[in-house]
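This report refers to the structure that appears directly beneath it.
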Amino acid sequence: MGYFLQQLINGVTLGMIYGLVAIGYTMVYGILGMINFAHGEIYMIGAFISILGFILVGLAGITAVPLALIIVLTATMIFTAAYGWSVERVAYRPLRQAPRLAPLISAIGMSIFLQNYVQLSQGAQVKTLPPFIEGGVVLLRDADFAVRISYVQLLIWLLTLVLMAGFAWIIGRTALGRAQRACAEDRVMASLVGINVDRTISLTFVLGAALAAVAGTMVTLYYGVVDFFIGFLAGIKAFTAAVLGGIGSLPGAMLGGLILGLVEAFWSAYFTTEYKDVAAFTILVLVLIFRPTGLLGRPEVEKV
Amino acid sequence: MSAAHLSGGAPPLLNVEHLSMRFGGLLAVDDLSFQAGAREITAIIGPNGAGKTTVFNCITGFYRPDVGRVTLNTDRGPRYLERLEGFRIARAGVVRTFQNIRLFANMSVLENLLVAQHNHLMRASLFSIAGLLGWCRYRRAEKAAVALACRWLERIGLMDKADWDAGRLAYGDQRRLEIARAMCAQPKLLCLDEPAAGLNPRESMALSELLQSLRDEEGIALLLIEHDMGVVMQISQHIIVLDYGRKIAEGSPRAIRSDAAVIRAYLGENGTQPLPPEVMEDVGQS
């Protein structure tokens, strides 16, 4: 029982990180109808920037954990968002009128470029961050097993929930969100009522990248290791989560992320850790075969 | 003929000069010049394939005309529409509707009207960054936007369906919502592509009244493509007749009714034969 609960906690944590990244995929798909395969790399860049941030904050002598966290998170979101914006500007906007295959190839190219850019500029070695937030709360003590939720996990849960609520509000209630939904439905008509479609698309990339930046920072805090290749696997898994939840659907992305996180956690716990990626991608294949629209992705579902 | 077309004083709201548009071997619009005055309803009529919608597409930035200039004279000087991007044309004050309705079907009726006020809102919210912080100026702008939307909902009688998805509305309601959405973008010139298509006589009548009230109460100009001659003859001040992309006649409804070239264009070359009564009625010569 205790073991099960512990895996549940770990799975939800992992799932929330996948969900944050998956939102970036699903939003871009909703508005442009393309998969932004460079999004995983944006997440990886977010993780790198956060490590730099933590080091700089440490050098500056800021030791108060909440203050340091706020500074690093804000800076990471801003710089990563700038990367997201640039990727759209350089690799996708010139291809707006091109056939759909062109931006897809451009996305893969961008992904490879960003990986190599980070590898060359930061080196290929694994970067580590000493534990920044330590400790946790013991929730339950079995005979021989203590169910524990660490402060980092609590932080991830809290931050994800806050961001999701804020995000639902932006999409549902603000002018920007309405413009995004309008562009997702009919880009031409949106421009005819005066919406600057290019800017709306840019802001979509900026928002997606900012969420990926938070996910990157959280992973840095959670695992403490980052290298230039983490974006690939995380990206594909978040993409799986987006497809599982129904690509184009925001609640679907979060749900898909949670399910994927739980499957991975339980698979590693009860079967073999080596095969957890196999489990994750088996889900992708099964969903694509049996329910291509995903769990929440009906054609008329609200999408961005 | 209305005064605005003859008076040499203020420039007309919309001035189309020597517009030409070619698709491969087809000259869809051929050296077309016309004007649309402020606070007037100008109708473009003509047989199917005469190039009416192409003219609209050139004015609203769908197509780049091969030749010609489209000038919108605004308070802040002339705007050359043929050079502007689509959303800038809307911001300059030209908004259009479509022959086949293009609402945001998965958004609510109210949201359709709010989305059209995007510009004003975004300016107030400093592109939504301040909107995120719930800044009070954004709140006020949002409130004003909702108020304007509600005024239009009231006016087109859809207040009780404000929360419906626009795609679920009845056809006639969708038509009126599309016009209301265009009005929420606060245009100076509203271009309507066959607004009466598919409406029953009672709905057409209500539409005529709505369009006249837009002209008289909102003070905007309307440019209209329409096949329903009853509507055209009743509400427009100025009619332009196209055939094979060329202007074959122009003038007041009364002048157009008796124009020989117009009747020939609608009925073919041997228009000397007496017209059957239902056709006479259709071209407004009852």
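The values are calculated or read from the model by the stated rules, or taken from the named source; none is laboratory data. All values reported here derive from a predicted model rather than from experimental measurement. No Cβ is skipped: glycine too gets one built from the backbone with ideal geometry, and neighbour counts run over all protein chains shown. These accessible areas exclude ligands, DNA and RNA; they are computed on the full protein's heavy atoms, side chains included. Shrake-Rupley method; radii C 1.70, N 1.55, O 1.52, S 1.80 Å.
Residues in the range A:2-290 average 41 Å² of solvent-accessible surface per residue, probe 1.4 Å, ligands and nucleic acids excluded. Computed on protein heavy atoms with a 1.4 Å probe, the accessible areas place B:226, B:218, B:209, A:274 in the order A:274, B:209, B:218, B:226, largest first. Residues B:83, B:175, B:88, B:102, ordered by accessible area of protein heavy atoms at a 1.4 angstrom probe radius and largest first, appear as B:83, B:88, B:102, B:175. Of all the options A:245, A:19, A:136, the one that moves most in a Gaussian network model of chain A with Cα springs shorter than 10 angstrom is A:136. On the range B:33-189, 50 percent of the accessible area sits on carbon and sulfur atoms, based on a 1.4 Å probe.
Judged by the ratio a/c of the largest to the smallest principal axis of the C-alpha gyration tensor, the protein assembly as shown counts as prolate, that ratio being 1.5 or greater while a/b is larger than b/c. Per-residue ellipticity at 222 nm, computed for the protein assembly as shown from helices alone with -39500 (n - 2.57) per DSSP H run of at least four residues, works out to -18000 deg cm²/dmol. Near residue A:52: Cβ cut-off under 15 Å, other residues only, Lys/Arg at +1 and Asp/Glu at -1. The net charge is 0. Partners of residue A:276 within straight-line reach, counting aspartates and glutamates whose Cα lies under 13 Å from its Cα and excluding those fewer than 8 residues away in the same chain: A:264.
Residue by residue along A:171-182, Cβ atoms of other protein chains within 10 Å of the local Cβ number 6 on average. The phi torsions of the range B:26-38, fed into the Karplus equation with coefficients 6.51, -1.76 and 1.60 and a -60° offset, translate into couplings of 9, 8, 6, 10, 10, 6, 8, 10, 7, 10, 10, x, 5 Hz, rounded to whole numbers, with Gly and Pro shown as x. Listed by chain and number, the lysines placed with their C-alpha closer than 27 angstrom to that of residue B:161 are A:303, B:143; residues fewer than eight positions away on the same chain are left out.
Of the heavy-atom accessible surface of chain A (probe 1.4 angstrom), what whole percent is carbon and sulfur? Carbon and sulfur together cover 71 percent of it.
Taking each residue as 0.36 nm, the span from residue A:154 to residue A:3 lengthens on full extension beyond its C-alpha to C-alpha distance by 52.5 nm. Explain nothing, just the number: relative contact order of the range A:2-290, from Cα pairs under 8 Å at least 6 residues apart, as a whole percent. Averaging sequence separation for qualifying contacts and normalising by length gives 40 percent for the range A:2-290. Of the peptides A:106-112, B:199-205, B:176-182, A:254-260, the order by per-residue mean of other Cβ atoms within 10 Å, starting with the highest, comes out as A:254-260, B:176-182, A:106-112, B:199-205. Inter-chain Cβ neighbour count for A:199-212, averaged per residue, equals 1 (cutoff 10 Å, partner chain atoms only).
When chains B and A come together, the accessible area they lose, probed at 1.4 Å and totalled over both chains, is close to 2500 Å². According to the square roots a ≥ b ≥ c of the eigenvalues of the Cα gyration tensor, what is the shape class of the range A:2-290, taking rounded for a/c under 1.5, prolate for a/b larger than b/c otherwise, and oblate for the remainder? In terms of gyration-tensor shape, prolate. Estimated at the nearest 10 Å², the accessible area of residue A:88 is 0 Å² with a 1.4 Å probe. What shape does the range A:71-195 have by the C-alpha gyration tensor, where a ≥ b ≥ c are the square roots of the eigenvalues, rounded means a/c under 1.5, and otherwise prolate means a/b greater than b/c and oblate the rest? Oblate, since a/c reaches 1.5 and b/c is not below a/b. For residue B:247, a cut-off of 14 angstrom between C-alpha atoms picks up these aspartates and glutamates, skipping any fewer than 8 places away in its own chain: B:17, B:30, B:31, B:259. When nucleic acids and ligands are ignored and a 1.4 Å probe is applied, residue B:184 ends up with an accessible area of around 0 Å². Shown are B:63, A:18, B:171, whose ranking by accessible area with a 1.4 Å probe and every protein chain present, most to least, is B:171, B:63, A:18.
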